[in-house]
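> Dropping the structure in here first, questions after.
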């Protein structure tokens, strides 16, 4: 890459936007639903306990998997769109 | 056949399998697996990362800690999986593009400084040795039980086996051995869990069983567990906790530590393309999640089974007679990891939480204190025995636990020895060292590391998973920020990065040593390691997240006060951001 072309900058911005969005979801399920917001979810019961407990022990892990695959899929598309992918 | 013989058969058999695969893979030459530009497929690589990653902490120790702590210890589950999100988005693809061999090499090149590389090596060694202490503690528990010896002897045997395993070295580097280890490990972990879930809830899938109905009582299983343990004065399993700051920081520390651990990052160099580095992280997490979704079910079900073993007629009735204790208790007593002391001389095993609020009830029942001490690291290994599962399941879990502990310990020892011989000695102290001298240095550093880790592992600063968590905190505070700033900032320069790493590392180590003992030597701590003494309620296990913030802050401030990195370094940063033009995959 020859440095500061217009496309290169836009490519990097698209990547940062995607990372930022993903990390919001990442923080929301783990630090949010599973820890800090747990009292707010206490009304929703799941198998003998509440939704916050489910997020802490299962929900967040499942979300993490979905997030990585979504990122990989979107990012590979963005690579192609900007022509920076590998052959 | 005796249980001892079955254990030997399973453990020996699985080791034979790894050796055979190693020989077979060598014969076909490693090149076949890393064909030019081909590299390792992301799914295979994901499985290998899973084996490398899941150690004694995940396999042997974690479920026991969740069983004891309930909701509060969900931090281990989220922390050790959420880090892969950071790895996939913030580090792996760019480090793959950079294409160097080790983490200190990247830091040395990006921050154009031998000293930066040196500091990175020190961080790597401190984090890895701490990690090995945790592995030794876990492997020691496993060996002492399956060879039916005292826990200290078990630890020494484990040290000898790990050392030999690491010296044979080559076995670690071969992806297919790790795939086999992953398979042994995951089968060993899930089969007993499936049996137990079926017994207790009728649901063959443990993650679903966890939220199902307990067959005997008709209540949800978590509600049943809460009832049983609160009846005995323990804290509720699922209840919310007050110290959320600590829970957040602990989870964060494990997550960023995951992304900063060199032996995991290195695996991403083996994939053919940058795009595959992203997929690899996803697949690795899928394979890791198979264990991590099973672990909370194992934890709660094992705790319930343990309680019903001790109180077969319910918590209101008298507990079991010591004379009638099941066989597995007797066998674990040999190791010293289960201890019974008949405080009220009634010949029965009272197991309860001797808290102040429970005192009146305990007195009314004629109880003189909790009489049963169970080491938390034994829970997963004892789990099949507690549930009366057949002997081959017990042998299987022995093989799985040892696969987890040994593969990771050996991998870490190799990382330490290559850091010492390649980065430290050849990279800065004596660049003209002969190949023979380099090899000797590698062996010696490996031996020193294992002796230190074994000695400290005899009186570890916590249970296996807690010690490993300390290692993650150290990696989080030192390596992760340097790597991330190296990619996402063009402004951070050599002085900034070095100051950041040193401050992050020093801050974290001092906080840990004040509570856990200097250099983890028992008895040298300045303050007792209890919540009342922690600053703002932050445990030494959680301090890595704060250390990382210190690292970032110092690096930015110092960098802005000093001059910009040279143009060619800014171009290097620019180039790692774009996948096109990545070199060939590295053999690891």
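The values are calculated or read from the model by the stated rules, or taken from the named source; none is laboratory data. Predicted model only: the values in this text are computed from it and were never measured. Note: ideal-geometry Cβ built from the backbone for every residue, glycine included; neighbour counts use all protein chains shown.
> So which helices (runs of 4 or more DSSP H) stay within the range B:115-229 end to end and still have 2 or more residues that are within 14 Å of chain A (Cβ to nearest Cβ)?
Because the criterion is at least 2 residues that are within 14 Å of chain A (Cβ to nearest Cβ), the helices (runs of 4 or more DSSP H) in the range B:115-229 that meet it are B:175-201, B:206-209.
> Among B:546, B:573, which is the only one that is within 14 Å of chain A (Cβ to nearest Cβ), over 20 Å from residue B:462 (Cα atoms) and either modelled with pLDDT under 95 or not in a loop (DSSP other than H, G, I, E, B) (or both)?
Just one listed residue meets the conditions, B:573.
> Just to be sure before I move on: is residue B:90 surrounded by fewer than 24 Cβ atoms within 10 Å (Cβ to Cβ), within 14 Å of another protein chain (Cβ to nearest Cβ) and either within 30 Å of residue B:7 (Cα to Cα) or more than 13 Å from the chain's Cα centre (by Cα) (or both) in the structure I sent?
For residue B:90, the condition - surrounded by fewer than 24 Cβ atoms within 10 Å (Cβ to Cβ), within 14 Å of another protein chain (Cβ to nearest Cβ) and either within 30 Å of residue B:7 (Cα to Cα) or more than 13 Å from the chain's Cα centre (by Cα) (or both) - is met.
> Can I ask one more? Here are B:79, B:50, B:46, B:108: which of them is touching a helix residue (DSSP H, G or I) at 6+ places or on another chain (Cβ under 6 Å), closer than 17 Å to residue B:293 by Cβ, modelled with pLDDT of 90 or more and in a helix (DSSP H, G or I)?
B:79
> Still on this structure, I have one more. Taking residue A:65 as the residue in question, decide whether it is in contact with a helix residue (DSSP H, G or I) (Cβ under 6 Å, 6 or more places away or on another chain) and facing chain B (nearest Cβ under 8 Å).
Spelling it out, residue A:65 is indeed in contact with a helix residue (DSSP H, G or I) (Cβ under 6 Å, 6 or more places away or on another chain) and facing chain B (nearest Cβ under 8 Å).
> Do we have residue A:4 as facing chain B (nearest Cβ under 7 Å) and modelled with pLDDT under 95 here? Lay out the reasoning, then the answer.
Working: facing chain B (nearest Cβ under 7 Å): no; modelled with pLDDT under 95: yes.
For residue A:4, the condition - facing chain B (nearest Cβ under 7 Å) and modelled with pLDDT under 95 - is not met.
> Also, I was wondering about something else. Does the range A:49-59 contain any residue that is under 17 Å from the mean Cα position of the chain (by Cα), facing another protein chain (nearest Cβ under 7 Å) and part of a helix (DSSP H, G or I)?
yes
Results for (1) assigned to a loop (DSSP other than H, G, I, E, B); (2) under 30 Å from residue A:53 (Cα atoms); (3) in contact with a helix residue (DSSP H, G or I) (Cβ under 9 Å, 6 or more places away or on another chain), shown as yes or no for each residue.
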site	(1), (2), (3)
B:298	no, yes, yes
B:307	no, yes, yes
B:323	no, no, no
B:330	no, no, no
B:333	no, no, no
B:345	yes, no, no
B:354	yes, yes, yes
B:368	yes, no, yes
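> Can I ask one more? Step by step: first the residues of the range B:93-105, then only those that are within 18 Å of residue B:422 (Cβ to Cβ) and buried (at least 24 other Cβ atoms within 10 Å of the Cβ), then the one that is farthest from the chain's Cα centre (by Cα). Which residue is that?
B:104
> For residues that are surrounded by 24 or more Cβ atoms within 10 Å (Cβ to Cβ), outside any helix (DSSP H, G or I) and without any contact (Cβ under 8 Å) to a residue 60 or more places away in the chain, tally how many sit in the range B:478-533.
Here the count works out to 0.
> Is it fair to say residue B:242 is surrounded by fewer than 20 Cβ atoms within 10 Å (Cβ to Cβ) and either closer than 14 Å to residue B:85 by Cβ or within 12 Å of chain A (Cβ to nearest Cβ) (or both)?
So residue B:242 fits the description; yes.
> I've got another one for you. Take residue B:221 and tell me if it is farther than 30 Å from residue B:20 by Cβ and at pLDDT below 90.
On the way: farther than 30 Å from residue B:20 by Cβ: yes; at pLDDT below 90: no.
It is false that residue B:221 is farther than 30 Å from residue B:20 by Cβ and at pLDDT below 90.
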